[in-house]
Amino acid sequence: MTNNTMFSKILIANRGEIACRIIKTAKAMSICTVAVYSDADRGALHVQMADEAVHIGPSPAFESYLVMEKIIAACKQTGAQAVHPGYGFLSENSTFCQMLADEGIVFIGPPAPAITAMGDKITSKKIALKAGVNTIPGHTEEVPNAEEAVHIAAQIGYPVMIKATAGGGGKGMRVAHNEAQCLEGFERASSEALSSFGDGRIFIEKFIENPRHIEIQILADSHGGSVYLGERECSIQRRHQKVIEEAPSPFLDDATRKAMGEQAVALGKAVDYSSAGTVEFVVDKNRNFYFLEMNTRLQVEHPVTELTTGLDLVEEMIKIAAGNPLSITQEDIKINGCSMECRVYAEDPFSGFLPSTGRLTRYCLPSEENEKVRVDTGVFEGGEISIYYDPMIAKLVTYGEDREEATSLMREALDEYVIRGVKHNIGFLGALMNHPKFISGDFTTNFIAQEYGEDFNAEDVIQQDPALPIVVAAIIHRLYMDRAAHLSGQLQGYERRVQDNWVVISGGEHYEVLVTPFQPDGGYRVIYQGKSYSVLTDWSFCQPLFRGNINGRQICFQVERYGITYRLLRMGGRTDAKVMTPLAADLHRLMPLREENSNSQFLQAPMPGLLIKLSVVEGQSIRAGDELAIIEAMKMENILRAPHDGMIKKISTQVGDSLNVDQVILEFS
């Protein structure tokens, strides 16, 4: 391709939300698109959106999306001139890049040598040192085994970061604070990286405690042009997987921002980089920054940069790949306002964030009328969340003139995002957005671990106004009762048979509430704990969102009903409430609590997945916390540990089994 030329057809070698996002830009550029899909993705959204689609094999990625020959064959079949790899899969595979070049197909990304140099974290660190980029102290050679890892870690000094040279996206990474964690971390990081990237090599570096994770977006063409597009703050992470990103960082000053940007560009020039790329840094409390890695691809969090710069990074990548020079210089780059992204995952925050699979029985996006709210998604109502791929459902992005507005819009959008059929992390994201430390910008990569640990409890959410869910529960129940009365003909003339006095039961407490119709404005008046609430709402039966005006404030709750229990969700808080007459509430106090069935004698699969390791044998004594088994699901390895002391009575599975949720793996005695 030469200057000012463009492709007529490209193939997207990916799936899910990133494939859909690339297709949108290609269509805006009048470029035809080709999707590829596995068995599991036959009816996927990216397949529906593309102009053409080619089936490339069975559901497992290593039999479809990771098979380079199948992608190239699809290009030849459809006449696609170029391939956009998205992120993950083959996006940082230099062999794939070279294979495409050999076939005369353009790779929409950097040249193969740059991918090779930056894809290996040991090599990239050496190049960064030579280019004058600040680097983290550590061992820059491959670590051959776990025993040597312990020896090297002792020399560096704990804590250390054990990292796969080909890792990324939080996979193949473990922090070790002692020898035992180092031994286990080496094995898990190596195994996970081998499974995800086909390369299990490991290196070790000093772990910077209480750091911030800040990255610089660069763009470079093949004509020597290169710019940096400001930074993204990615410090809100769980197990090294980013959860919330924003641009710009609330922590950096202009001098640090400029220095980081210039070093990122220098690193790109050192490897003759062209395309979009991201240089990641860790930053300590004194704003000292150290090179972490370079991602030679589009990042998941690229939308926040797009919204603050006005650039379409996918469009820029396509233009660069077609041979066009950058149309902007560093002086042209202006950062305007603030943008924020939340990663919406199919996972259960209330059960250790285990992945969740199944059918989306209801899927309602936040209002698309607000141009400051963007949803990049790859799923739809009625679609399936598969065991075979990453559990991301969507990226929810907001833009504001400042950080306060972007955060406020994000809170509202999360409250309006309805997902049913699979577990999801929207409540957890809402809790994060309302946490005082997040609001103040005073956080590090340890924020989630320190504030929430390994489990999230709705009770831990700081309720801004704990009276609101009680009021809303009472209103919803009254609306149900009024509807039932109308349907049954109990209302005749002005005679009202629905009573006004109710008791809301939540968290074991009984709350007396008075709910009366307020005829002048068609609303209701609620009296609770001596305070009056004027409520206007058009909510009706079966709507998943309760929107209303309460004392002049616009309020939104998500509503679910389980039997006679209403579940209300807002800003990360969850309230389960029953609403009864005073007599029924008095009788309810006398009801005995039902004992839950105990499955404590069994180890059950918490999610569908592949059993890749059994760490015990029948007859073996175990202690609480001992590793029992490892399940691989959605590209991550999940360690299952003993809940209590005991003995292994019976093992009901074997390595290699595909497990269903709640399937018994072994039995304790």
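The values are calculated or read from the model by the stated rules, or taken from the named source; none is laboratory data. Note that the coordinates shown come from a computational prediction; the quantities given were computed from them, not determined experimentally. FYI the Cβ positions are ideal-geometry reconstructions off the backbone, even for glycines, and counts take in every protein chain you see.
Could you say whether any residue in the range 579-598 is in contact with a helix residue (DSSP H, G or I) (Cβ under 9 Å, 6 or more places away or on another chain), modelled with pLDDT of 95 or more and surrounded by 19 or more Cβ atoms within 10 Å (Cβ to Cβ)? Can you show your working first?
The first filter runs over the range 579-598 and keeps only residues in contact with a helix residue (DSSP H, G or I) (Cβ under 9 Å, 6 or more places away or on another chain), leaving 579-580.
Next, from what is left, pick out any that are modelled with pLDDT of 95 or more: 579-580.
Those still in the list that are surrounded by 19 or more Cβ atoms within 10 Å (Cβ to Cβ) too: 579.
Scanning the range 579-598 turns up at least one residue that is in contact with a helix residue (DSSP H, G or I) (Cβ under 9 Å, 6 or more places away or on another chain), modelled with pLDDT of 95 or more and surrounded by 19 or more Cβ atoms within 10 Å (Cβ to Cβ).
Any idea which of G230, G200 is assigned to a loop (DSSP other than H, G, I, E, B) and crowded, with 17+ Cβ neighbours inside 10 Å? Steps first, please.
Numbers: G230 fails: assigned to a loop (DSSP other than H, G, I, E, B).
Sole residue among the options that is assigned to a loop (DSSP other than H, G, I, E, B) and crowded, with 17+ Cβ neighbours inside 10 Å: G200.
Right, Q299: in a loop (DSSP other than H, G, I, E, B) and modelled with pLDDT of 95 or more or not? Lay out the reasoning, then the answer.
Numbers: in a loop (DSSP other than H, G, I, E, B): yes; modelled with pLDDT of 95 or more: yes.
Spelling it out, Q299 is indeed in a loop (DSSP other than H, G, I, E, B) and modelled with pLDDT of 95 or more.
Filter the range 421-449 down to the residues that are in contact with a strand residue (DSSP E or B) (Cβ under 7 Å, 6 or more places away or on another chain) and either in a loop (DSSP other than H, G, I, E, B) or not assigned by TED's automatic domain parsing to the domain that holds A346 (or both) and list them by number.
G421, V422, K423, H424, N425, F443, T444, T445
Among the residues of the range 78-124, which ones are surrounded by fewer than 23 Cβ atoms within 10 Å (Cβ to Cβ), of a type in the set (D, E) and under 26 Å from E301 (Cβ atoms)?
Matches in the range 78-124: D120 only.
Can you tell me which of K76, K70, K24 is touching a Ser or Thr at 6+ places or on another chain (Cβ under 8 Å) and either at positive phi or modelled with pLDDT of 95 or more (or both)? Break it down into steps so the answer makes sense when it comes.
Details: K76 fails: touching a Ser or Thr at 6+ places or on another chain (Cβ under 8 Å); K24 fails: touching a Ser or Thr at 6+ places or on another chain (Cβ under 8 Å).
Selected residue: K70, the only one of K76, K70, K24 that is touching a Ser or Thr at 6+ places or on another chain (Cβ under 8 Å) and either at positive phi or modelled with pLDDT of 95 or more (or both).
Restricting the search to the range 646-664, which residues are modelled with pLDDT under 90 and out of contact with any Leu (no Cβ under 9 Å at 6 or more places or on another chain)?
N660, V661, D662
Give S222, S195, S190 a once-over and let me know the one that is farther than 25 Å from R174 by Cα and among the small types (G, A, S).
On the way: S195 fails: farther than 25 Å from R174 by Cα; S190 fails: farther than 25 Å from R174 by Cα.
After applying the criteria, what remains is S222.
Across the range 385-420, which residue is farthest from T308 (Cα to Cα) among those that are assigned to a loop (DSSP other than H, G, I, E, B) and at pLDDT 95 or above?
Pass one, the range 385-420, residues assigned to a loop (DSSP other than H, G, I, E, B): 386-391, 401-402, 417.
Those still in the list that are at pLDDT 95 or above too: 401-402, 417.
Numbers: E401: 10, D402: 11, Y417: 23 Å.
This residue is Y417.
Can you name the residue in the range 600-649 that is assigned to a loop (DSSP other than H, G, I, E, B) and under 26 Å from the mean Cα position of the chain (by Cα) and is also surrounded by the fewest Cβ atoms within 10 Å (Cβ to Cβ) among such residues? Give the steps one after another, and end with the answer.
We begin by selecting, within the range 600-649, every residue assigned to a loop (DSSP other than H, G, I, E, B); these are 600-601, 605-608, 615-620, 623-626, 634-635, 642-645.
In the following step, the residues that additionally are under 26 Å from the mean Cα position of the chain (by Cα) were identified as 605-608, 634-635.
Values: A605: 23, P606: 21, M607: 23, P608: 21, M634: 23, K635: 18.
Going through the qualifying residues, I end up with K635.
Specify which of the listed residues (E192, E184) is in contact with a Lys or Arg (Cβ under 9 Å, 6 or more places away or on another chain) and either crowded, with 22+ Cβ neighbours inside 10 Å or under 24 Å from R343 (Cβ atoms) (or both). Even if it seems obvious, please write down each step before you answer.
On the way: E184 fails: either crowded, with 22+ Cβ neighbours inside 10 Å or under 24 Å from R343 (Cβ atoms) (or both).
Every option except E192 fails the conditions.
Consider L267 carefully, then state whether it is crowded, with 21+ Cβ neighbours inside 10 Å and either of a type in the set (D, E) or part of a loop (DSSP other than H, G, I, E, B) (or both). Spell out the reasoning first.
Working: crowded, with 21+ Cβ neighbours inside 10 Å: yes; either of a type in the set (D, E) or part of a loop (DSSP other than H, G, I, E, B) (or both): no.
No; evaluated as a whole, the condition is false for this residue.
Looking at the range 450-463, can you tell me whether even one residue there is β-branched (V, I, T), part of a helix (DSSP H, G or I) and out of contact with any Asp or Glu (no Cβ under 7 Å at 6 or more places or on another chain)?
no
So in the range 508-533, with the set limited to residues that are free of Cβ contacts under 8 Å to residues at least 60 places away in the same chain and in a loop (DSSP other than H, G, I, E, B), which one is surrounded by the most Cβ atoms within 10 Å (Cβ to Cβ)?
Checked the range 508-533; the qualifying residue surrounded by the most Cβ atoms within 10 Å (Cβ to Cβ) is G522.
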